[in-house]
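**Q** Please read through the structure below; I'll follow up with questions.
The values are calculated or read from the model by the stated rules, or taken from the named source; none is laboratory data. On a predicted model such as this, the values are computed, not experimentally measured, just so you know. Cβ placement follows ideal geometry from the backbone for every residue including glycine, while neighbour counts extend to all protein chains displayed.
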Amino acid sequence: MSEIKPNDELIELGAITNAHGIKGDVTIKPFGKDLSSLLDYGPVRDKSGQQAFTILSLRHSKKDLYVARIKEITNRNQAEEIKGTELYIERSKLPEPEEDEFYYRDLIGLSVKLETGEKWGKVIAVEDYGAGDIIEIMPQNSQKSVYFSFTKDIIPTISLKEGYLILIPPHEEIVTGEDGVEEKADQSDSDADQNRK
């Protein structure tokens, strides 16, 4: 098994969602990236970086899922055991993104500003919960993170070079409640208008 270089960052590519058939194939859901070129990059790994998976074949299936055959997985029982496993690859194996592209990992820690230039918070994470990408932001002077749909309308500008992105808050935002359960919070029209001025 190839070793991970010191300080080689792992980039999340997707997750194994289910077993497929009786020969150990699995379905993979990509996180914000087309997996069609994955075979070019060598083995992928679990979150710990210790377990490697060598993908022998990959084909696009229904919707946004891919079906993969993995060298180390030879039957359905083994495939069932790795359901939910997130798949990562060393950053050094991936091509550098184009000028207007980025890896979601690059967004974590970016400053969040409103259109006015006012600082609003900091990016904590970008996740895919199955219904579209969600960006998690920690507002300034708050201990409760806020979730927004990661769309061009809400996040129109991203500047990795300058370390910030622009947020246009919608009328409705998703926040994490005190019990950890996600809740929807309505913003008044006046609040939304003020954010856009």
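**Q** Being in a loop (DSSP other than H, G, I, E, B), of a type outside the set (Ser, Thr, Tyr) and more than 15 Å from Leu160 (Cβ to Cβ) is the filter here, so list the residues in the stretch 105-149 that pass it.
**A** Leu114, Glu115, Gly117, Glu118, Gly130, Ala131, Gly132, Gln140, Asn141, Gln143, Lys144
**Q** So Tyr104 fits all but one of (1) modelled with pLDDT of 90 or more; (2) buried (at least 19 other Cβ atoms within 10 Å of the Cβ); (3) touching a Gly at 6+ places or on another chain (Cβ under 9 Å); what number is the exception?
**A** Unmet condition: (1).
**Q** If you go through the stretch 78-98 one residue at a time, do you hit one that is more than 30 Å from Glu136 (Cβ to Cβ), exposed (fewer than 12 other Cβ atoms within 10 Å of the Cβ), polar (S, T, N, Q) and outside the structural domain of Lys152 (by TED's automatic domain parsing)?
**A** no
**Q** Given (1) within 24 Å of Gly14 (Cα to Cα); (2) modelled with pLDDT of 95 or more, where does Val112 come up short, assuming only one miss?
**A** (1)
Matching residues to (1) under 19 Å from Asp106 (Cα atoms); (2) at pLDDT 90 or above:
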site: Glu127; (1), (2): yes, no
site: Ile137; (1), (2): yes, yes
site: Lys144; (1), (2): no, yes
site: Lys152; (1), (2): yes, yes
site: Lys161; (1), (2): yes, no
site: Pro170; (1), (2): no, no
